[in-house]
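Computed from the coordinates by the stated procedures, all read-outs in this text should not be read as laboratory data. Everything numeric here is computed off the predicted structure, so don't read it as measured data. Please note: Cβ atoms are built from the backbone with ideal geometry, for glycine as well, and neighbour counts cover all protein chains shown.
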Amino acid sequence: MSEGGIVGKLVEGIRAGGVLSAWIGINDLFVAETLAREAFDTVTLDMQHGGIDFVGAARAIHAVAAAGKPTVARINVGDFATASRLADAGAAAVIAPMINSGEDARRFAEFMKFPPLGARSWGPRSALSLSGLGGPEYLPAANRFTLAIAMIETPEALAALEDILAVDGIDGVFVGPSDLSITLSNGAKIDPHGEAVNAAIDRIVAAAKSHGKFVGLWCLDGARAKYARARGVALCTISSDQLLMRAAAKAELAAARG
């Protein structure tokens, strides 16, 4: 068993060569658990653009753990207090959107890490049971396996990339390719697979490697995840619950109608 039990499986998988994640926006633990029981390494709950609230996320974390998998969650912009609550609920990692400066990253890390790295307050209700550790053991270990992941999705974030990666409490960064393409083009287009985004991914991977940290990426499909993994991206999400259902429905309807 990895350090940190189920929670620690995420960092173990990232270090072992990378992980593939389902992406969940539907606020129903059955959806998260169903995809967790497929061959995904982890499940990511989208609280920013999805319909998942905190209670739904806390329940889904346990449903995913029942399938033997760790859970990642994306919070709303600036909602760092919820990041702490998710860590207490047993999330293995939290993704924070719109981190545009080293100061943004430091504030986020303060809520995710116990002293001396941060100022996370004590109260790991479900995290203790999912980690398999008691309080005295959990305190010094949690900073190693409860991951703080900063999103890079604007020109400001790219300009501040080295400052963001230099923050001790930030474990990795996550590229939001759609927003990055929109902001890089000043709102002219959405092109998550375009040359500008691909060049940014290469730059971000190189910078993260130099800091001993990892990169994640939202991927539209498995082919994009394969591309990203070959470029050194360690955490690739694949499609989303809604997109997977729509694709399956279209395929079966097409087959039925011949």
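The table below lists the values:
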| read-out | value |
| --- | --- |
| Residue of GLY134, GLY169, GLY51 that the Gaussian network model of the chain assigns the largest fluctuation, springs spanning Cα pairs under 10 Å | GLY134 |
| Net +/- balance of residues flanking PHE214 in space, Cβ distance below 9 Å, scoring K and R +1, D and E -1 | +2 |
| Two-site label geometry, GLU252 and GLU137: point separation in nm, points 7 Å out along Cα→Cβ | 4.4 |
| FRET efficiency estimate (nearest 0.05) - Cβ-Cβ, GLU38 to ARG203, R0 30 angstrom | 0.40 |
| Lys, Arg +1 and Asp, Glu -1 on Cβ, resulting dipole of the range 165-258 about Cα centre, debye, nearest 20 | 280 |
| For the range 41-132: relative contact order, % (alpha-carbon pairs under 8 angstrom, 6 or more apart) | 25 |
| Choice from ALA81, ALA92, ALA58 showing the highest fluctuation, given a GNM over the chain with Cα pairs closer than 10 Å | ALA81 |
| Lysine pairs with alpha-carbon atoms under 21 Å apart, the chain, spacing 8 or more or separate chains | 7 |
| Residue-span extension gain [HIS193 to ARG144] - 0.36 nm each, minus C-alpha spacing | 14.4 nm |
| Estimated [θ] at 222 nm from DSSP helical runs (n ≥ 4, -39500 (n - 2.57)) normalised by residues in the chain, nearest 500 | -15000 deg cm²/dmol |
| The chain: relative contact order in percent, alpha carbon pairs under 8 Å with at least 6 residues between | 19 |
| Formal net charge of residues neighbouring SER131 (Cβ-Cβ distance under 12 Å; K, R +1; D, E -1) | 0 |
| GNM top mover of PRO97, PRO192, PRO136 - the chain, alpha-carbon springs below 10 Å | PRO136 |
| Dipole moment magnitude, nearest 20 debye, the range 40-87 about Cα centre, only Lys, Arg, Asp, Glu C-beta charged | 100 |
| Computed over the range 78-197: relative contact order in percent, which uses C-alpha pairs under 8 Å that are six or more apart | 27 |
| Net charge, ALA223 excluded, C-beta distance under 14 Å - Lys, Arg +1, Asp, Glu -1 | +3 |
